[in-house]
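Where a number appears in this text, it was derived from the coordinates with a stated rule and is not lab data. All of these numbers come straight from a predicted model, not from anything done at the bench. With ideal geometry, Cβ positions are generated from the backbone for all residues, glycine too; neighbour counts draw on all protein chains shown.
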Amino acid sequence: MKIILLGYMGSGKTTLGKELATSLNYNFLDLDDYISDKEHSSISHLFQSKGEIYFRRKETQYLNEIINSTEDVVIALGGGTPCYANNMESIISNPEIKSFYLKLSIPILAKRLFNERANRPLISHLNSEEELMEYIGKHLFERSPYYSQAHHIINANDKEQQAILEELLTHLI
Ligand SMILES: Nc1ncnc2c1ncn2[C@@H]1O[C@H](COP(=O)(O)OP(=O)(O)OP(=O)(O)O)[C@@H](O)[C@H]1O
Ligand SMILES: O=C(O)C1=C[C@@H](O)[C@@H](O)[C@H](O)C1
Ligand SMILES: [Mg+2]
């Protein structure tokens, strides 16, 4: 089986994905790290040097490579992965995959991301938490229709990592 965590930047996909994989004794794969390794470049540098369209093409290519493999794995997607090409369709139509949307409110995401925005090329130029909140609000509005197609929607607001992990596990065992 493959378990996919998806959601906005900063929603905890990478952090939680590692924990979930350990609990299930599965391998863990972070799609952003996978792209960085394959392309020998950080995501920020890839955006700068080759542009977002190139990044999105590679993101879809590597997503398909991973989901068509045979191993049991927990996969943390990039924040935008579900919203490009036919990525969400590939995920929900595959009977081997269970997907989870980690849903968080705009103010919580903004608070979390403000100090971590440097490595996230879409938001690194924003100068205040208010500006970031405005950006996230608009962006989430566009992305929610994709995220909401996940098999399960997990309300992750104000929840400790352990509580979210336990909730995910109830859907898996
Ligand atoms: N349940 C939680 N409560 C509080 N903080 C959390 C929780 N889960 C993750 N975090 C923190 O939120 C930040 C973002 O988490 P993480 O990098 O896992 O998000 P992500 O969804 O993988 O983001 P991206 O899409 O940009 O890769 C980190 O600083 C992490 O420690
Ligand atoms: O939300 C997005 O579009 C992105 C999120 C990150 O995980 C990276 O995949 C990249 O910075 C783009
Ligand atoms: Mg991540």
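Inspect segment 121-142 for any residue being within 15 Å of ligand 3 (Cβ to nearest atom), of a type outside the set (Ser, Thr, Tyr) and either in contact with a strand residue (DSSP E or B) (Cβ under 9 Å, 6 or more places away or on another chain) or in a strand (DSSP E or B) (or both) and give the result as yes or no. No, segment 121-142 contains no residue that is within 15 Å of ligand 3 (Cβ to nearest atom), of a type outside the set (Ser, Thr, Tyr) and either in contact with a strand residue (DSSP E or B) (Cβ under 9 Å, 6 or more places away or on another chain) or in a strand (DSSP E or B) (or both).
If you go through segment 21-46 and pick out every residue that is farther than 30 Å from residue 173 by Cβ and away from ligand 1 (no atom under 13 Å from the Cβ), you end up with 7.
Picking from residues in segment 133-170 that are of a type outside the set (Val, Ile, Thr) and in contact with a Lys or Arg (Cβ under 7 Å, 6 or more places away or on another chain), the one that is surrounded by the most Cβ atoms within 10 Å (Cβ to Cβ) is 156. Within segment 39-57, residues that are touching a residue at least 24 places away in the same chain (Cβ under 8 Å) have Cβ atoms under 6 Å from residues that are of a type in the set (D, E, K, R) in these pairs: 43/32, counting only partners at least 6 apart in sequence or on another chain. In segment 143-171, how many residues are hydrophobic (A, V, I, L, M, F, W, C) and in contact with a strand residue (DSSP E or B) (Cβ under 7 Å, 6 or more places away or on another chain)? Qualifying residue count for the region: 6.
Scanning segment 143-170 for residues that are among the aliphatic types (A, V, I, L, M) and in a loop (DSSP other than H, G, I, E, B) returns 150, 156. In summary, helices (runs of 4 or more DSSP H) completely within segment 1-111 and bearing 3 or more residues that are within 16 Å of ligand 3 (Cβ to nearest atom) occur at 13-24, 31-39, 43-50, 52-67.
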